[in-house]
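The values are calculated or read from the model by the stated rules, or taken from the named source; none is laboratory data. What you see is a predicted model, and the numbers here were worked out from it, not measured in a lab. Every residue, glycine as well, gets a Cβ built from its backbone with ideal geometry; the counts of neighbours run over all protein chains shown.
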Amino acid sequence: MSPSVRLQEMIRVIRGARTQGEERGVIQRECAAIRAQFRQADNGTRSHNLAKLLYVHMLGYPAHFGQMECVRLIASPRYNEKRVGYLGAMMLLDEKQDASLLITNSIKNDLSHNSQYVQSLALCTLACMGSAEMCRDLAPEIDRLLRASNSYIKKKAALCAVHIVRKVPDLGELFTPAARSLLCEKNHGVLHGAVVLITELCERNPDTLEQFRKVVPELVQIMKGLVMSGYSPEHNVAGISDPFLQVRILRLLRILGRNNDTASDAMNDLLAQVATNTDSSKTAGSAVLYETVLTVMDIKSESGLRVLAVNILGRFLLNNDRNIRYISMTSLQKIVQTDHNAVQRHRGTIVDCLKDQDASVKRRALELSLALVSAVNIRSLMKELLLFLSSCPPELRAHTTSGIFNAAERYAPSQRWHIDTILHVLTTAGGDVRDETVPNLIQLITTATELHCYTVHKLYRALITDISVQSLVQVACWCIGEYGDLLLRGECEETEPVQVTEDDVLDALETVLQSHMSSPATRGFALTATMKLSTRITHNVDRIRSIVSIYGSCIDVELQQRAVEYNALFKKYDHMRYRGSVCGAPSVIAKLPEYLLGGSGEPVPSSGLSHTVPGPATSTSGGDLLDLLGGLDVSPGE
Amino acid sequence: MCQPIKKYLTASLPNAHPLHTYGSVRKRVKCSFIYTYIHIGSESTIKIKMQFMLLFSRQGKLRLQKWYVPLSDKERKKISRDLVQTILARKPKMCSFLEWRDLKIVYKRYASLYFCCAVEDQDNELITLEIIHRYVELLDKYFGSVCELDIIFNFEKAYFILDEFLLGGEAQETSKKNVLKAIEQADLLQEEAEAPRSVLEEIGLT
């Protein structure tokens, strides 16, 4: 039986195994046989055994005992053994294995082999897994091959040089002269390799970059030739002549034209030509067009060209192909800061992409929409964003909410709109908002003095509908505690007021306190709110007292402490309770709610109920309040 | 001699304690070892454009894996497993591009095989799609209407073709015809090398 059939036979047997255990058994047997074969003298089957081992390795089984065999096979004079040996080296060895150094000598010899296919094996392996040491050793060889060999080898040597430069950047200088001369070649493979090499050299060394700016005219010529050439069957892809080479040349032009006026001028015409003449009905054309756009946006191009580029991106946005829409949004994201107005023109399409099925497209559309928010379009755009929030995938929610909050903060047309927006977000996605949302919102509400009535009515409604969203419940409790009197008064100008009795309000707060859905922090809010209501309601103070005293023996330490302190307020400091402790809070800085949340270990008069400011609510600045607190020797709630 | 990777790992992590063993550092960077790789990369200044290419079936079985970056077997296995699962979870009509760790993944499904490339963030994804497509065309031309079984039973040939098309992660030959011609010639050489063995060995002239 011919050895290679044995390989396929083995594959068939392995695939035929019905269970993982059976497969393991087969593979163990085969590996044992292979190991035995490796130990024997050369019997002509080594390459097939290694091939079998490589298959086994691809299935995920250990194959390290094959490493030395790879080294041996690479040194063999026979081509078939070398071929498999090098393949094995690329699969089993990497630069971290010690055995990889052993093949350096073989590679060196093979680089000067008289068969170009052997040379090619060596070049390929070096470019795939050559370590820095190997690269240093063999760089002169590669340079020699770059200059004097046929095009088949030259193109491979060029890419090998790219790998060497990536590993050992200092060697870049060695290859610069050869790279320059390779640009005169006609062979597309060699040209492609040369352009990649020059790109790599220029990216790493600014001096080399300066040097190669001189070849911009030459590159422009080559590119023109490609664009204007007729149909060439060898290189044609969907009507584009060698799109791979075109894209690489455009990328090199981008690097050369960056921050340089002369170079950029030299390529303006070409870029305009490519942008207008390239047929983008298939991916190949779109790839070239895309690279052109990237280049135009990156160099110092004239404004007409930039407008053309943005328009191309806009056209891409309307493309049926989802991939094209995605990459167009990626590029628009990059230029939204610099060419803001141009991108704004396409806002409608971008917002439509929010409704796309694909999560990647949605994410891009979201980023772009957030970047496009401005004072002018905030209302309409926010509508779309809120709509998106209600159906957006869970992994995007946190990002969306924080984006919406940032946008609202910067461009809110009115405080009421701002509060409405935040409330909407909390009702739709309250579980995904950041932690600072609650104190921020509380601060916002406090500052909007004329909206207290409106806010408390809205929040009360939200509270009785649903108490699962913690952030919303916390804010609602705080508001009710703070502005309960406005709620109970039952009149509101801006919205339909809720007609509630004191019992209803206390019922709502008690529900929050008792619900298993409420987190400890939420319960804290609810308890404090209940306490604060004791100064704002007249009939049910006893009920509040009883609620508070129940929690005096609560398991949660925080609640228990608060309850005990509030109880003390009722008992011993009843006279102060109304006047001082639970009076309306002054306009505070965002830090204040932390005090409310925290609670300290201090006894009541200087407790964490930090608004021990005698007298009615005054609008003090944050700084004054802190001074006061400092004066009263209160430690911040922690 | 090659320097052990643990030196790069501990040196490049921002808060790495120098006495951390390889094992514990690996634990810490469990989810971000690609990031760690990039750190290693910047230490030895590698900026690889295409990091790897994977071919796998709809059941998640790897049919070909070509790595252009130095990673241990364990790391490769982990990356493959995670990435394969991520891609298999995507719906059919979705975009061919996705951001994964800090790489861009370009993938396309041809019949029962997924072709997947990982490229650096700045690459042109559309041309990578074209590269994948070109590779499929080459396989198709070589095997004559290629199917997954061809690639399973002739995996080494699939590698040879890939190595004739891409070198170090970059396209080396942009003409389909030239790639196929080179493969043909190399195959001929291989046959010649295999065939007369028995004859020569009989005479005693290995």
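The table that follows gives values for the structure above.
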item	result
Test: residue in region A:42-60 that is more than 46 Å from the chain's Cα centre (by Cα) and modelled with pLDDT of 90 or more	no
Lone qualifier among A:HIS399, A:HIS418 - being closer than 26 Å to B:ALA89 by Cβ and either out of contact with any Pro (no Cβ under 8 Å at 6 or more places or on another chain) or surrounded by fewer than 19 Cβ atoms within 10 Å (Cβ to Cβ) (or both)	A:HIS399
Output for region A:7-31, where each listed residue is more than 11 Å from chain B (Cβ to nearest Cβ) and buried (at least 16 other Cβ atoms within 10 Å of the Cβ)	A:GLU23, A:VAL26, A:ILE27, A:GLU30, A:CYS31
For A:LYS186: the one exception among (1) within 14 Å of chain B (Cβ to nearest Cβ); (2) touching a residue at least 40 places away in the same chain (Cβ under 8 Å); (3) surrounded by fewer than 15 Cβ atoms within 10 Å (Cβ to Cβ)	(2)
Per-region count, region B:164-195, residues in a loop (DSSP other than H, G, I, E, B), within 9 Å of another protein chain (Cβ to nearest Cβ) and surrounded by fewer than 21 Cβ atoms within 10 Å (Cβ to Cβ)	1
Residue tally, condition of a type outside the set (Gly, Ala, Ser), assigned to a loop (DSSP other than H, G, I, E, B) and either in contact with a helix residue (DSSP H, G or I) (Cβ under 8 Å, 6 or more places away or on another chain) or surrounded by 19 or more Cβ atoms within 10 Å (Cβ to Cβ) (or both), over region B:50-98	8
Residues (assigned to a helix (DSSP H, G or I) and within 12 Å of chain B (Cβ to nearest Cβ)) located in region A:128-141	A:CYS128, A:MET129, A:ALA132, A:GLU133, A:MET134, A:CYS135
When residues of region A:64-75 are limited to those that are surrounded by 24 or more Cβ atoms within 10 Å (Cβ to Cβ) and among the hydrophobic types (A, V, I, L, M, F, W, C), the one farthest from A:ARG24 (Cα to Cα)	A:ILE74
2 or more residues under 36 Å from the mean Cα position of the chain (by Cα): qualifying helices (runs of 4 or more DSSP H) within region A:438-544	A:452-465, A:470-489, A:520-533
Criterion: within 30 Å of A:VAL500 (Cβ to Cβ), of a type in the set (S, T, N, Q), in contact (Cβ under 8 Å) with a residue 12 or more places away in the chain and surrounded by fewer than 21 Cβ atoms within 10 Å (Cβ to Cβ) - qualifying residue of A:SER471, A:SER374, A:SER390	A:SER390
A:THR125 vs. criteria touching a residue at least 12 places away in the same chain (Cβ under 8 Å), within 12 Å of another protein chain (Cβ to nearest Cβ) and closer than 29 Å to B:SER80 by Cα	yes
Any hit, region A:147-159, residues being touching a Pro at 6+ places or on another chain (Cβ under 9 Å), at the interface with chain B (Cβ under 9 Å from one of its Cβ atoms) and not hydrophobic (A, V, I, L, M, F, W, C)	no
Exclusive hit being within 9 Å of chain B (Cβ to nearest Cβ), small (Gly, Ala, Ser) and in contact with a Ser or Thr (Cβ under 9 Å, 6 or more places away or on another chain), set A:SER241, A:SER264, A:SER286, A:SER280	A:SER286
Cβ-Cβ under 6 Å pairs, at least 6 apart or on other chains, region A:143-161 side surrounded by 24 or more Cβ atoms within 10 Å (Cβ to Cβ), far side of a type in the set (Phe, Trp, Tyr)	A:ALA161/A:PHE175
Scan of region B:115-163 for residues that are among the small types (Gly, Ala, Ser), surrounded by 20 or more Cβ atoms within 10 Å (Cβ to Cβ) and more than 11 Å from chain A (Cβ to nearest Cβ), ordered by number	B:ALA118
Every residue from region A:64-110 that is out of contact with any Cys (no Cβ under 8 Å at 6 or more places or on another chain), in a loop (DSSP other than H, G, I, E, B) and within 13 Å of chain B (Cβ to nearest Cβ)	A:SER76, A:PRO77, A:ARG78, A:ASP94
Flag for A:LEU171 being buried (at least 18 other Cβ atoms within 10 Å of the Cβ) and within 37 Å of the chain's Cα centre (by Cα)	yes
Of residues in region B:25-49 being exposed (fewer than 14 other Cβ atoms within 10 Å of the Cβ) and within 14 Å of chain A (Cβ to nearest Cβ), the one modelled with the lowest pLDDT	B:GLU43
Matching entry among A:ARG35, A:ARG78, A:ARG39 (being of a type in the set (Lys, Arg) and loosely packed, with under 13 Cβ neighbours inside 10 Å)	A:ARG39
Complete set of residues in region A:318-342 that are surrounded by fewer than 23 Cβ atoms within 10 Å (Cβ to Cβ), within 14 Å of A:GLU367 (Cβ to Cβ) and more than 11 Å from chain B (Cβ to nearest Cβ)	A:GLN333, A:ILE335, A:VAL336, A:GLN337
Verdict on A:ALA266 being closer than 29 Å to A:ILE378 by Cβ and among the hydrophobic types (A, V, I, L, M, F, W, C)	no
Number of the condition not met by A:ILE34 [criteria: (1) within 11 Å of chain B (Cβ to nearest Cβ); (2) more than 41 Å from the chain's Cα centre (by Cα)]	(1)
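Residue by residue, here is whether (1) farther than 19 Å from B:ARG134 by Cβ; (2) touching a Leu at 6+ places or on another chain (Cβ under 8 Å) holds:
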position: A:SER149; (1), (2): yes, no
position: A:PRO169; (1), (2): yes, no
position: A:CYS184; (1), (2): yes, no
position: A:HIS188; (1), (2): no, yes
position: A:VAL196; (1), (2): no, yes
position: A:THR208; (1), (2): yes, yes
position: A:PRO217; (1), (2): yes, no
position: A:ILE222; (1), (2): yes, yes
position: A:MET228; (1), (2): yes, no
